[in-house]
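Structure first, then comments.
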Amino acid sequence: MSAPRARFTLVPLALSGALLVSACAGVGGGAGNDDSGGDAGGGGALSGTPSGSLKIMGFGGEDEVGQSRVKAFTSAYPEVKVAQNKGEFDAQQFLTAVSSGNPPDLVYMDRNLIGTYAAKEVVQPLTDCVEGQDIDTGQYRPAAMRSVTYDDVVYGIPEFYIVQTNLIDAKSLKAAGVDPKAIQTQDWDALDRTATQLFEKSGTKIGRVGYDPKLPDSFPLWALINGAELVKEDGSPNLNDPKAVEALAYATSLVEKQGGWTSFKAFRDSFDIFGDSNPLTKGTITAFPMENWYVNVLRDSIPAGLQLTATPITDREGETVSTLGGSTWAIPKGAKNPTAACAWMKTMTSTETWLKAAEARMAKVKEDKSFFTGLFTANTAADEQIREKYLTAAPDAGFDTAINAFYDTLDKATALNPSPAGAEIDAAWKSAVARTLGGQDAKASLDQAQKEATTAFEKARRG
């Protein structure tokens, strides 16, 4: 999995396959269009061998994992001419393209957008795609399929599986005489004490953050830790749940006790997390919840002195939890070549293709004289086979701990429920966190967010 080159603030959930493909209505459009391609061989509206042009938006895929899978598709379907817009997904650009009648054939986006775009009918149901190309939705992790399902209809094919655990600078912990087990999220009073103990400041200048709660992005994680469901099963917002309010107040207090938001943010934003000056290597942040792709970045910092370890993120009862992220493939309304788009989705996310990607990653690992840190897809069988075939003991025990912690989290992660107002709910809670970090009471912030999100949800349900 490739990671975006960014500063410290980062981007960052069970239905059976049989149930998911039983929904009504399939991918429309494209039939009879000059670019639609495909050999009408029966078995569904989108069955057969694709041909013609395939225009893709939002997918870079420039690393070895992406390129090996693109090659798998172009080798299998040489009659398809693939055109990629390699920039990241741009919502405004996408919606403008759809509304103007000139959409891409395929779009690559965050899974949390599916509910919103499905409700707006700017992405199409995949029933005909799944049936026509014989896609086994049972191969994907149920939580990932849940994220791309709206009103019991599948609208996306999931790719990658992003979970979190606590990554820790073991060197700083050892110097401070703190056991790694103290980096935990079950006992909030104890974590408060640990963070305060590890925090360092000289005058007004922060020297080290003890524990970064990763606000604002990780508010859903803290709500989950405290047992709150920010989006109900029916897609309605639940942002001012008392447990969510408590979680935001607590996570904000960790920031306030470590210099306050203005200083804390400035300190954190000064880091380039991709180089040897990343905070875990330099000892400037002792621990934080972080995504699984980051371990692959950190391995290059071992020569610079990084000593890594990890602990699971748990709820208040001690059970492992994590939020869940990842991308999805979807077919926009008005796509001219849905047959090729569907074949692409199937090929890119199949077990066979993921194994080719893992082989390419291993070749890069050998070239770099490094070690494999795992490949986390939304395909259960692929993950298991890749782990069995390629994952061996890392030369650093701390990395083994971190890698295993991520694998142990995969089946315990959950995403926010799909909602027709998913984008608006997301914007509402982010604004609430910003207000709270700026000094507003957590309850007042989330009450306002709930009102805004409810208005958006009710409007979306009315159509």
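The set of residues in segment 407-427 being of a type in the set (A, V, I, L, M) and more than 14 Å from residue 456 (Cβ to Cβ) consists of 410, 413, 415, 416.
Filtering segment 325-346 to residues that are assigned to a strand (DSSP E or B) and either touching a Pro at 6+ places or on another chain (Cβ under 7 Å) or of a type in the set (S, T, N, Q) (or both) leaves 325, 326, 327, 328, 332.
Do we find that residue 302 is in contact with a Pro (Cβ under 6 Å, 6 or more places away or on another chain), farther than 20 Å from residue 413 by Cα and among the aliphatic types (A, V, I, L, M) in this structure? Show your work before the answer.
Values: in contact with a Pro (Cβ under 6 Å, 6 or more places away or on another chain): no; farther than 20 Å from residue 413 by Cα: yes; among the aliphatic types (A, V, I, L, M): yes.
Taking the combined requirement at face value, the residue does not satisfy it.
If a residue counts only when it is surrounded by fewer than 23 Cβ atoms within 10 Å (Cβ to Cβ), over 18 Å from the mean Cα position of the chain (by Cα) and assigned by TED's automatic domain parsing to the domain that holds residue 219, which helices (runs of 4 or more DSSP H) contained entirely in segment 365-463 have at least 2 such residues? Where helices (runs of 4 or more DSSP H) fall fully within segment 365-463 and carry at least 2 residues being surrounded by fewer than 23 Cβ atoms within 10 Å (Cβ to Cβ), over 18 Å from the mean Cα position of the chain (by Cα) and assigned by TED's automatic domain parsing to the domain that holds residue 219, they are 422-437, 442-462. Residues that are out of contact with any helix residue (DSSP H, G or I) (no Cβ under 6 Å at 6 or more places or on another chain) and surrounded by 20 or more Cβ atoms within 10 Å (Cβ to Cβ) within segment 89-106 comprise 94, 97, 98, 104, listed in sequence order.
Return a yes/no flag: does segment 311-319 have any residue that is closer than 17 Å to residue 158 by Cα and either among the polar types (S, T, N, Q) or not in a strand (DSSP E or B) (or both). Looking through segment 311-319, none of the residues is closer than 17 Å to residue 158 by Cα and either among the polar types (S, T, N, Q) or not in a strand (DSSP E or B) (or both). Has segment 227-250 got at least one residue that is out of contact with any strand residue (DSSP E or B) (no Cβ under 6 Å at 6 or more places or on another chain) and under 18 Å from residue 167 (Cα atoms)? No: zero hits.
May I ask you to verify whether residue 125 is closer than 22 Å to residue 54 by Cβ, at pLDDT 95 or above, touching a Ser or Thr at 6+ places or on another chain (Cβ under 9 Å) and not in a helix (DSSP H, G or I)?
Values: closer than 22 Å to residue 54 by Cβ: yes; at pLDDT 95 or above: yes; touching a Ser or Thr at 6+ places or on another chain (Cβ under 9 Å): no; not in a helix (DSSP H, G or I): yes.
No; evaluated as a whole, the condition is false for this residue.
Select from segment 181-202 the residues that are in a helix (DSSP H, G or I) and among the hydroxyl-bearing types (Ser, Thr, Tyr) and list them in ascending order. Within segment 181-202, 194, 196 qualify.
The values are calculated or read from the model by the stated rules, or taken from the named source; none is laboratory data. These figures come from a predicted structure and were not determined experimentally. We place every Cβ from the backbone using ideal geometry, glycine too, and count neighbours over all the protein chains shown.
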